[in-house]
Amino acid sequence: MIIDLRSDTVTKPTKGMLDAMMSAEVGDDVYKEDSSVNLLEKRLAEMFGMDEALFFPTGSMANQAALKLHTNPGEQVICDKYAHIYNYEGGGASFNSGISCKLIDGHRGMFTSAQAEEAINPPDFYHSPLTSLIEVENTTNKGGGACWDFEELKKIRQVADKHKLGYHLDGARLWNAMVFKKENPKQYGELFDTISVCLSKGLGCPVGSVLLGKKELMKGALRVRKILGGGMRQVGYLAAAGIYALDHHIERLSEDHKKAREIGEVLSQLPFIKKVEPIETNIIIFELNNNISETDFLNRLKEKNIHIIGMGSNKLRMVTHLDYTDNMHEELLKTLKKI
Ligand SMILES: *Cc1c(COP(=O)(O)O)cnc(C)c1O
């Protein structure tokens, strides 16, 4: 038995999901003729109360398209120093959109509306890049699955309105946040200009993300996706997995969250662990004591068929997911207590 907690992207489609994929109706989605993709997009747009939705192969591409739709070359996006768009999209913001990131020194990947406002360059001061977008991430990845306070997100909306800036949400794990905070998609649809959501993380699909947005902004989305190389043909097989996941895999995320908290409790009692960061959703980030080598620890776990990842500076990460079974959970807790 291999216990793989490196990421919630390691899941494989369930039998039910595979059946849904195999019986999907498909067509050429570049001509918008794939009925399964059309259905998925329509469902998500309705779910969030957003005008438009567009299927993407990856979350990175959906975010990159959003950056492009909101900005012109030379401009600047405000985001946290932990932001996925800054750290983990290969420098795409500069490569694809010719923009820079103004980083906020936030807390666990989140910041306040006052910090956002302070980060705006005065539009008349032509020496600085023109600020055009505020970007937030919920849950935060590098921030350990932390969830935003919705009231703060609303205050940031007011800042964006006051300064006429776009407002994008990287909602790769928004499903986890909504389940944990008992929030609903419409609240988010009302607040943001664009939202990207992943189907291939907690929801357990093999591939796929969706960008949601207001009509005016989304007018150029098809073209941008084409330019980025994301125009796909009979991709309804993947959209069918997404539809299946929306029906079957959202509520169960609370099980992943419960397991993550239980792992956190065991970790926090181990003598060689300095700190376990607060756990809200399915990500566990913890720090080893200085005298323990990260590589040694990772190798010890690997010998016991447990795979997790290092995040640098003696911090390690585990992520619970759909394929992490009750059996594996029992085995992991037992092994950790003995290690
Ligand atoms: C995973 C993730 C993405 C998208 O990643 P892809 O691997 O390109 O699908 C975007 N934002 C966050 C916060 C993520 O965790």
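Would you point out which residue out of LEU211, LEU222 is within 14 Å of the ligand (Cβ to nearest atom) and in the same structural domain as ASP51 (by TED's automatic domain parsing)?
Testing whether each residue is within 14 Å of the ligand (Cβ to nearest atom) and in the same structural domain as ASP51 (by TED's automatic domain parsing) leaves just LEU211.
Could you check, for the stretch 127-149, whether at least one of its residues is surrounded by fewer than 16 Cβ atoms within 10 Å (Cβ to Cβ), at positive phi and within 16 Å of the ligand (Cβ to nearest atom)?
No, the stretch 127-149 has no match at all.
If you check PRO271 against the conditions, is it without any contact (Cβ under 8 Å) to a residue 24 or more places away in the chain and outside the structural domain of ALA20 (by TED's automatic domain parsing)?
Considered against the rule, which asks whether it is without any contact (Cβ under 8 Å) to a residue 24 or more places away in the chain and outside the structural domain of ALA20 (by TED's automatic domain parsing), PRO271 comes out as yes.
Give the residues of the stretch 236-255 that are in a helix (DSSP H, G or I) and surrounded by fewer than 22 Cβ atoms within 10 Å (Cβ to Cβ), sorted by residue number.
Result: TYR237, LEU246, ASP247, HIS248, SER254, GLU255.
Looking for something hydroxyl-bearing (Ser, Thr, Tyr) and open to solvent by 20 Å² or more (accessible area, probe 1.4 Å) - is there at least one such residue anywhere in the stretch 45-66?
Scanning the stretch 45-66, I find at least one residue that is hydroxyl-bearing (Ser, Thr, Tyr) and open to solvent by 20 Å² or more (accessible area, probe 1.4 Å), so the answer is yes.
All but one of (1) within 25 Å of ARG317 (Cα to Cα); (2) in contact with a Leu (Cβ under 9 Å, 6 or more places away or on another chain) hold for PRO13; which doesn't?
It is condition (2) that PRO13 fails.
List every residue pair whose Cβ atoms lie under 7 Å apart, where the two residues are 6 or more positions apart in sequence or sit on different chains, the first residue falls within the stretch 277-291 and is modelled with pLDDT of 95 or more, and the second residue, located anywhere, is among the hydroxyl-bearing types (Ser, Thr, Tyr).
THR281/THR139; ASN282/THR320
Between residues in the stretch 102-120 that are hydrophobic (A, V, I, L, M, F, W, C) and residues that are open to solvent by 20 Å² or more (accessible area, probe 1.4 Å) and in a strand (DSSP E or B), which pairs lie under 8 Å by C-beta distance while being six or more apart or on different chains?
ALA119/LYS102
Mind telling me which of the residues LEU153, LEU169 ends up being surrounded by fewer than 21 Cβ atoms within 10 Å (Cβ to Cβ), of a type in the set (A, V, I, L, M, F, W, C) and either in contact with a strand residue (DSSP E or B) (Cβ under 8 Å, 6 or more places away or on another chain) or part of a strand (DSSP E or B) (or both)?
LEU153
The values are calculated or read from the model by the stated rules, or taken from the named source; none is laboratory data. Predicted, not measured: the structure shown is a model, and the values here were computed from it. For neighbour counting, all protein chains shown are included, and Cβ atoms are generated from backbone atoms with ideal geometry for every residue, glycine included. Only protein heavy atoms, including side chains, enter the accessible area calculation; ligands, DNA and RNA are left aside. Shrake-Rupley method; radii C 1.70, N 1.55, O 1.52, S 1.80 Å.
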